[in-house]
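Okay, so here's the structure we're looking at.
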Amino acid sequence: DWSSDVCSSDLRLLVACKNGEIELEKTDSVSKILAVLDQVYKKDDISVVCETWTSFIRLRKAESDPMTQHIANYDKKVGELRKEKIELPDKVLAMQLLDSTGLDHKERQLVLTAVDYSKSDEMYSQMKSALVKFHGEQAKKDDFAQARETVLKQKEESVEYTSEREEAFYTKPS
């Protein structure tokens, strides 16, 4: 609990000052105070690694996030892993990225068509490209343009059909 940490750090500092471990007038007093505070607050290496890994593995794309933003967030998490000296193969990074997007089975299969499995050292970059290609902002614009074109085509066909019916109605058979 936070309040017990504060009391513990206050007590440790007070004891260190009283028993002469820290002399406030000396130039090294700040570094000694920080060393005492580190004993209470600093996370050990394994805790940092665990938190970094958990943060990476739990990353999920928010529905409101564009795919490019999610990929940037994912890349940031990969950078945090590398900072902690956790190196994952490109295949693992690629599959975890795909998994983190929350795409359904058909959408995943479509993305996977653009990934060359024989080039395992390039799979991560290929996966990022494929996700942007099929689910990026441009893909959404293309979908909109295609839907608009379909609607316009249907309207034209409807107008032609109506014109043919009216013509047939008004034309007397000979």
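Each peptide among 88-97, 127-136 gets the average number of other Cβ atoms lying within 10 Å of its residues, and from highest to lowest they stand as 127-136, 88-97. Among the listed pairs K61/K133; K76/K133; K83/K106; K61/K106; K85/K133, a Cα-Cα separation exceeding 25 Å is found for K83/K106; K85/K133.
Figure legend: label point modelled 7 angstrom from the Cα of K119 along Cα→Cβ; residues of region 69-95 with amide N under 17 Å from it are 90-95.
Where a number appears in this text, it was derived from the coordinates with a stated rule and is not lab data. Just so you know, these numbers come straight off a predicted model, no measurement behind them. Cβ: placed from backbone, ideal geometry, glycine included. Neighbour counts: every protein chain shown.
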